[in-house]
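The values are calculated or read from the model by the stated rules, or taken from the named source; none is laboratory data. Predicted model only: the values in this text are computed from it and were never measured. Here Cβ is always computed from backbone atoms with ideal geometry, including for glycine, and neighbour counts include all displayed protein chains.
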Amino acid sequence: MTTRVTELLGIEYPIIQGGMAWVAEHHLAAAVSNAGGFGLIGAASAPAEVVREEIRKAKELTDKPFGVNIMLLSPHADEVAKVVAEEGVKAVTTGAGNPEKYMELWKAAGIKVIPVVASVALARRMAKYGADAVIAEGMESGGHIGSQTTMTLVPQVVDAVDIPVIAAGGIGDGRGFAAAMMLGAEAVQIGTRFVVAKESIVHQNYKDRVIKAKDIDSEVTGTTTGHPVRSLRNKMTREYVKLEKSGASFEELEYLTLGSLRSAVMEGDVITGTVMAGQIAGLIKKEQSCLEMIEEIMTEAGKLLNTNRQVCDIHGGKV
Ligand code: FMN
């Protein structure tokens, strides 16, 4: 399938794997890129040299294009921005801020810049500053979220900017992919489903929790601090919400989640750790390779989009 995003990134399928903190390391990113999608290394708060090492390891596993997700609030953001330019990845996706100050550096290095946005206003601003595309991420997503749903945000962003829009949040299969295309997106970004990929280094307890999750199993913490995060309900989220209701300070709340994503991902602590995952977790039933996931999504979406075209033809383009 060809869209402006497949052309921009030099990939076969318009499927991007979200740059997930702790989860999206070189094995996962390379596996997604080898399967024809676009893999991302999640730099999160990692020091620049760790990110450099991750990029080099991914290059050993794939000769296909891949990128890095940079959390702009990271204390290492400036150095990481330089490292990606030096190592020369295909694209950078950015979250938690405005990447404007790095644009010149990245553009000079031939790197495509794709910010994650949760509003039309931010999408417009990013387009004005020279972004090559934007990822419109709805609040169904796992991890840090905005307040708009994917269904409402994507078409409004599509209408507001001329650059390609990538839909993220709540997409887990070919139906979600096809729906995103109908909303005007030219690619999708998937996080939660790739957490359970065979190539994902995430602890088995975490994968099992995602696979067993029901539709209503995710919870949003941090609404009172202005940094809402979606993860699967457990002892930690229950305590967090209780503390928020009692008016606890930002510091108290921070203390509860310090290192908690790392302990869930690396040590399998799914009780007091943060099991970040989106509302689509209820749809995810098994571990598969990245290739199996991408082929399944594309085959299902292909049939749906083709049927839609046939229906359109029957009705002379008027459905
Ligand atoms: N997005 C970022 O931009 N930076 C991150 O560090 C980040 N960490 C995440 C960690 C986890 C475990 C998950 C599930 C998501 C994370 N995200 C992050 C969001 C994903 O990149 C992606 O946009 C999102 O998962 C898409 O929605 P979905 O979970 O419904 O597929």
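What to note about this one:
- Within region 122-145, the set of residues being of a type in the set (Gly, Ala, Ser), within 16 Å of the ligand (Cβ to nearest atom) and without any contact (Cβ under 8 Å) to a residue 40 or more places away in the chain comprises ALA131, GLY138.
- Remark: GLY67 matches the filter, which requires a residue to be in a strand (DSSP E or B) and not hydrophobic (A, V, I, L, M, F, W, C).
- Flag for ALA168 being more than 15 Å from the ligand (Cβ to nearest atom) and within 27 Å of ALA77 (Cα to Cα): no
Condition check ((1) of a type in the set (Lys, Arg); (2) under 17 Å from the mean Cα position of the chain (by Cα); (3) within 16 Å of the ligand (Cβ to nearest atom)) across all residues:
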site: VAL5; (1), (2), (3): no, yes, yes
site: LEU8; (1), (2), (3): no, no, no
site: GLY18; (1), (2), (3): no, yes, yes
site: LEU28; (1), (2), (3): no, yes, yes
site: LYS57; (1), (2), (3): yes, no, no
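- Selection of region 18-37 for residues being polar (S, T, N, Q) and either within 11 Å of GLU186 (Cα to Cα) or without any contact (Cβ under 8 Å) to a residue 60 or more places away in the chain (or both) yields only SER33.
- Picking from residues in region 90-118 that are among the charged types (D, E, K, R) and loosely packed, with under 15 Cβ neighbours inside 10 Å, the one that is farthest from the ligand (Cβ to nearest atom) is GLU104.
- Of all the residues in region 226-242, those that are assigned to a helix (DSSP H, G or I) and out of contact with any Asp or Glu (no Cβ under 6 Å at 6 or more places or on another chain) number 7.
- Tally of residues being farther than 18 Å from ALA24 by Cβ and of a type in the set (Val, Ile, Thr) across region 114-142: 3
- Residue count for region 12-34 under the criterion of being buried (at least 24 other Cβ atoms within 10 Å of the Cβ) and over 21 Å from GLY278 (Cβ atoms): the result is 1.
- Any pair with Cβ under 6 angstrom, 6 or more apart, that starts in region 4-17 at a residue that is assigned by the TED database to the domain that holds ALA131 and ends at one that is hydroxyl-bearing (Ser, Thr, Tyr): PRO14/THR3; PRO14/THR6
- Looking across region 249-279, the residues that are in a loop (DSSP other than H, G, I, E, B), surrounded by 13 or more Cβ atoms within 10 Å (Cβ to Cβ) and not acidic (Asp, Glu) come down to GLY268, VAL270, ILE271, THR272, GLY273, THR274, VAL275, ALA277, GLY278.
- Unmet criterion (only one of (1) part of a helix (DSSP H, G or I); (2) more than 10 Å from the ligand (Cβ to nearest atom); (3) within 16 Å of the chain's Cα centre (by Cα); (4) not aromatic (Phe, Trp, Tyr)) for GLY176: (2)
- SER200 vs. criteria within 12 Å of the ligand (Cβ to nearest atom) and part of a loop (DSSP other than H, G, I, E, B): yes
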